[in-house]
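Written below as structure tokens is the structure these notes are about.
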Amino acid sequence: MENLTLVIMAAGLGSRYGGLKQIDAVGENGEIIIDYSIFDAIKAGFNKLVFIITKDLDKAFREVIGDRIAKYVDVEYAYQELNGLPSGYSVPDGRTKPWGTGHAIISAADKIDGPFAVINADDFYGRETFTTLANYLSQTDNSKKEIWDFCMAGFILKNTVTENGHVARGICTVDENGYLKDIVERTKIMYRNDKICYTEDEETWHELDSDSIVSMNCWGFTKEFLPEIKEMFPKFLDENMGNLKAEFYLPTAVDTLLKAGKCSVKVLKTHDKWFGVTYRQDKPVVEAAIREMTAAGKYPKKLWN
């Protein structure tokens, strides 16, 4: 039987938190957000983890989380590095920004041997999300299909926005049968005058429907996705080498396949509320939510014995 793999994009943790050792605990026994995602994923049936990190964070990451989790589930590591480019390409002078979430998946491709889900390391997704993804992926076989069947967890926008700053989300259009029609990455979404708005130029703001379905980079794929995204990356590089901040986004890759008629994406709606520590001010909110869920019996007081 193929592994059901959870791919965790964690290469950006060090820069966001000032070093992995400074990641704040949100649980009573020092648990961080990744602990809860992994706990829920194992309960849902995932039996392998692939952490995507940078090589300079390897030692700290293993100390903070990796070695502890390896006692409960198979763990592998993939390294997303700035110079991890296809043959014939080199990092342009002045480029310091990572190549994005699509590049992260390419970095992990040789560690994935079956159906897999993808999540961000610093987002709390909830038990329902992982159970739904696992159930869908375990029933999906794309080996003989011309149009591949993928999935994503569809969150409600108002459940995914922080009061403390801006966030990036993929705004989705979903058809009457629950399939993704279109996804557009919006990199700056925030509350303005009690409304949820986005901007592309820091000047003009556009209101969003608070009940919009959004992607939280929580996807379900089969391995047929991997050669396709690898093939897209050189084209992205050709078109964006002069833009030192351009990123190859995973939602953009999915949207490209959708528009080419190569895949369908079932939107698995979840009512779980997102929590994350995008900003330091988010931490008390996350801590309170974890305490509440623990008191309600959703999680044991100590996740790992």
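The values are calculated or read from the model by the stated rules, or taken from the named source; none is laboratory data. Computed from a predicted model, the values in this text were never measured in an experiment. Cβ sites come from the backbone with ideal geometry, for glycine too, and all protein chains shown count toward neighbours. Each accessible area value is taken on the protein alone, full model and side chains, heavy atoms only, with ligands, DNA and RNA left out. Shrake-Rupley method; radii C 1.70, N 1.55, O 1.52, S 1.80 Å.
Among the residues of the range 248-277, those identified as farther than 18 Å from SER212 by Cβ, in contact with a strand residue (DSSP E or B) (Cβ under 9 Å, 6 or more places away or on another chain) and at pLDDT 95 or above are LEU257, LYS262, CYS263, SER264.
Among the residues of the range 157-202 satisfying the criterion of being of a type in the set (Val, Ile, Thr) and either surrounded by fewer than 18 Cβ atoms within 10 Å (Cβ to Cβ) or more than 19 Å from the chain's Cα centre (by Cα) (or both), which is nearest to THR256 (Cα to Cα)? Once the filter is applied, the top-ranked residue is VAL184. Taking the criterion of being open to solvent by less than 20 Å² (accessible area, probe 1.4 Å), in a helix (DSSP H, G or I) and of a type outside the set (Phe, Trp, Tyr), the residues of the range 23-43 that qualify are ILE33, ILE34, ASP35, SER37, ILE38, ASP40, ALA41. Set side by side, the residues GLU247, GLU239 differ, and just one is assigned to a helix (DSSP H, G or I) and at negative phi, which is GLU239.
Here is the figure for the range 79-110: residues that are without any contact (Cβ under 8 Å) to a residue 40 or more places away in the chain, within 17 Å of GLY12 (Cβ to Cβ) and small (Gly, Ala, Ser) total 1.
If you go through the range 96-110 and keep only what is polar (S, T, N, Q) and surrounded by fewer than 24 Cβ atoms within 10 Å (Cβ to Cβ), you end up with THR96, SER107. Taken over the range 136-156, the criterion of being within 18 Å of VAL254 (Cβ to Cβ), open to solvent by 10 Å² or more (accessible area, probe 1.4 Å) and not in a loop (DSSP other than H, G, I, E, B) is satisfied by TYR136, TRP148, ASP149.
When you scan the range 72-81, do you find a residue that is among the charged types (D, E, K, R) and over 20 Å from the mean Cα position of the chain (by Cα), even just one? No, the conditions are met nowhere in the range 72-81.
Here LEU49, LEU57 are screened, and the one residue that is surrounded by 14 or more Cβ atoms within 10 Å (Cβ to Cβ) and within 24 Å of GLY220 (Cβ to Cβ) is LEU49. Taken together, the residues in the range 216-236 that are assigned to a strand (DSSP E or B) and open to solvent by 10 Å² or more (accessible area, probe 1.4 Å) amount to 1. Checked against the criterion of being surrounded by 14 or more Cβ atoms within 10 Å (Cβ to Cβ) and touching a Gly at 6+ places or on another chain (Cβ under 8 Å), the candidates VAL285, VAL267 yield just one match: VAL267. Residues in the range 250-280 that are assigned to a helix (DSSP H, G or I) and not hydrophobic (A, V, I, L, M, F, W, C) were compared, and the one that is farthest from THR162 (Cα to Cα) is LYS259.
Restricting to the range 88-100, name every residue that is polar (S, T, N, Q) and modelled with pLDDT under 95.
Selection gives THR96 alone.
Could you tell me whether the range 118-135 includes any residue that is in a strand (DSSP E or B), more than 30 Å from MET293 (Cα to Cα) and modelled with pLDDT of 95 or more?
Narrowing the range 118-135 to residues in a strand (DSSP E or B): 118-120, 123-124.
Filter once more, keeping what is more than 30 Å from MET293 (Cα to Cα): none.
No: zero hits.
Screening SER107, SER215, SER138 for residues that are more than 17 Å from the chain's Cα centre (by Cα) and small (Gly, Ala, Ser) leaves exactly one candidate, SER138. Can you name the number of the only condition in (1) of a type in the set (Val, Ile, Thr); (2) farther than 17 Å from PRO115 by Cβ; (3) open to solvent by 10 Å² or more (accessible area, probe 1.4 Å) that ILE65 fails? Result: ILE65 passes all but (3).
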